[in-house]
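*Asks:* Below are the structure tokens for one structure; questions will follow.
Here, each number is a calculation from the coordinates, and none is a lab measurement. In this text the structure is predicted, and so the values were computed from the model without any measurement. All Cβ positions, even for glycine, are placed from backbone atoms using ideal geometry, and neighbour counts span all protein chains on display.
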Amino acid sequence: GEDVEQSLFLSVREGDSSVINCTYTDSSSTYLYWYKQEPGAGLQLLTYIFSNMDMKQDQRLTVLLNKKDKHLSLRIADTQTGDSAIYFCAINRAGNMLTFGGGTRLMVKP
Amino acid sequence: EAGVAQSPRYKIIEKRQSVAFWCNPISGHATLYWYQQILGQGPKLLIQFQNNGVVDDSQLPKDRFSAERLKGVDSTLKIQPAKLEDSAVYLCASSLGGRDEKLFFGSGTQLSVL
């Protein structure tokens, strides 16, 4: 299977860290991605990680990958109100096609 | 660099009518995708093109949906006839086609079928 699961909703206070989690079933994926979608817009690629890596850091974003547990997370440090959006994890499969999770809506309270 | 362009931005039709969406990918991107995003869900791949050839259309409802990418650049997605359950945002994306497959998305066409 190629299911990708995410929790529906996360609420944090401005300045706190946010952690968005994702689990998947397809262990053959080579790349795993995080996309951000703001209201009325398309998806914007935030970051991605190669499957042989455990961690990738990019400014306020940290991606952690646990291949054994098939668990991917995105940590946003010092979360700002502008980070409020829906976050999708996605995995690639044969033919370089992406399967997306259902998205996690992040709400940042001032 | 110009992004992925899509039109129209919004479309409202009645069931059983026809509709077409247009996409212009980023220049030089060989791979083009059409995704369907139903409200509250993640995008679902409908069809993937590599240049002007179809790579995967296994989830395209071929009895009513069709897509083409003539000359390997612009693409159109058509629905004929539309059903109520086709109400969704139709997203076009493009990529260079490399192994790391970074997709760039357009803003989408929001379709409402009444």
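*Asks:* Let me have the relative contact order for chain A, percent, based on Cα pairs under 8 Å that are six or more residues apart.
*Replies:* Rounded, it is 38 percent for chain A.
*Asks:* Which entries of B:LYS71/B:LYS102; B:LYS44/B:LYS102; A:LYS68/B:LYS102; A:LYS56/B:LYS102; B:LYS11/B:LYS83; A:LYS36/A:LYS67 show an alpha-carbon separation above 18 angstrom in the structure shown?
*Replies:* B:LYS71/B:LYS102; A:LYS68/B:LYS102; A:LYS36/A:LYS67
*Asks:* Give, in nm to one decimal, the length gained when the segment between A:ALA41 and A:SER17 is fully stretched (0.36 nm per residue of separation minus the Cα-Cα distance).
*Replies:* 6.2 nm
*Asks:* Any idea how far the Cα center of segment B:40-114 sits from the one of segment A:74-110, in Å?
*Replies:* When both Cα centres are located, 21 Å separates them.
*Asks:* Could I ask something else about it? Between rounded, prolate and oblate, where does segment B:50-114 land on the alpha carbon gyration tensor, with a ≥ b ≥ c its root eigenvalues, rounded for a/c under 1.5, else prolate if a/b exceeds b/c?
*Replies:* The shape class here is prolate.
*Asks:* Hey, quick one: spin label on A:LYS68, modelled 7 Å out along Cα-Cβ, who in segment A:31-61 has an amide N within reach, i.e. under 20 Å?
*Replies:* Output list for this probe position: A:50-56.
*Asks:* Separate question: Relative contact order for segment B:1-111: what percent, with Cα pairs under 8 Å and sequence separation of 6 or more?
*Replies:* With pairs under 8 Å counted, the relative contact order is 36 percent.
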